[in-house]
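The values are calculated or read from the model by the stated rules, or taken from the named source; none is laboratory data. This structure is a prediction, so every number in the text was calculated from the model and none was measured. When we count neighbours, we look across all protein chains shown, and the Cβ atoms used for this are built from the backbone with ideal geometry, even at glycine. Just so you know, the surface numbers come from the protein's heavy atoms only, side chains and all, with ligands and any DNA or RNA stripped out. Shrake-Rupley method; radii C 1.70, N 1.55, O 1.52, S 1.80 Å.
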Amino acid sequence: MTAATTGEGRALVLFSGGQDSTVTLAWALARFGSVETVGFDYGQRHRVELECRLVIRDKLPTLSSVYAERLGPDHIIDLAALGTISETALTRESEIAFADTGLPTTFVPGRNLIFLTFAAALAYRRNCRHIVLGVCETDYSGYPDCRDDTIKAMQVALNLGLDRRLVLHTPLMWRDKAQTFALARELGGETLLDLVVEDSHSCYLGNRTTRHSWGYGCGTCPACELRAKGYAGFLCSPDDTGPSYDS
Ligand code: ZN
């Protein structure tokens, strides 16, 4: 058994308040003895995700004594500069569509590379060996900075640049959204699943007024469509948690 499965080790989770990062945080809390969270404020069009993350952090310790014991401090890093150089639908009032590159206009170029660099600098200072993030190759929108090869290359680059042995974990990399819902239930039962549905936020338009069976959202943006489809798939095969983390 490795240290990571015995509740030892210090981890830093990139936590946005979305569905994926919420399940990723629960995954980290099940593995590591001390888990801190980091969020990035880069001038997102809708602040609702940043608000949701605080609600989730407040509720998690009420679900389990292990969560209460292990959940450590939260950090917010101001990345306003990223917003100023990103003319995207996530940071500007422009339509969500697919650009000539084939990528949706929600793509913020290099976002995860920048997030990981800042997270690694923070992990270095906080003495966290493990960095955990909820990126996923399976049903993502084609973002190149979510790919497994990108993350592995970043691990090498960060360790060379920091002279550390940081380990980057991506438990959702090969899971689709249906399997992510199933993982939430496996990790924390119905209460964690309810928290993910009720309090995590995915909608690109920031809609927190329309409640569907799968959570709040406009129901029509790409993030809502993905989440709705994932939840429907989860209901069809609720026990399929996808490939094991190590596969
Ligand atoms: Zn939406």
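Quick notes on this one:
- Between S237, S200, the distinction of being touching a Ser or Thr at 6+ places or on another chain (Cβ under 8 Å), more than 10 Å from the ligand (Cβ to nearest atom) and closer than 17 Å to Q179 by Cα belongs to S200 only.
- Qualifying residue in segment 173-181 (condition: surrounded by fewer than 20 Cβ atoms within 10 Å (Cβ to Cβ), more than 11 Å from the ligand (Cβ to nearest atom) and among the charged types (D, E, K, R)): no
- Pairs, first under 19 Å from R175 (Cα atoms) in segment 186-204, second within 16 Å of the ligand (Cβ to nearest atom) and aliphatic (A, V, I, L, M), C-beta under 8 Å, six or more apart: H201/V48; S202/A223; S202/L226
- Some residue of segment 86-99 being open to solvent by 30 Å² or more (accessible area, probe 1.4 Å), modelled with pLDDT under 90, in a strand (DSSP E or B) and more than 24 Å from Y124 (Cβ to Cβ): yes
- Scanning segment 55-77 for residues that are in contact (Cβ under 8 Å) with a residue 12 or more places away in the chain, part of a helix (DSSP H, G or I) and among the hydrophobic types (A, V, I, L, M, F, W, C) yields a count of 5.
- Complete set of residues in segment 219-230 that are crowded, with 20+ Cβ neighbours inside 10 Å and within 20 Å of A184 (Cα to Cα): A223, C224, R227, G230
- Residues in segment 205-218 that are open to solvent by less than 30 Å² (accessible area, probe 1.4 Å), within 9 Å of the ligand (Cβ to nearest atom) and free of Cβ contacts under 8 Å to residues at least 40 places away in the same chain: G217 alone.
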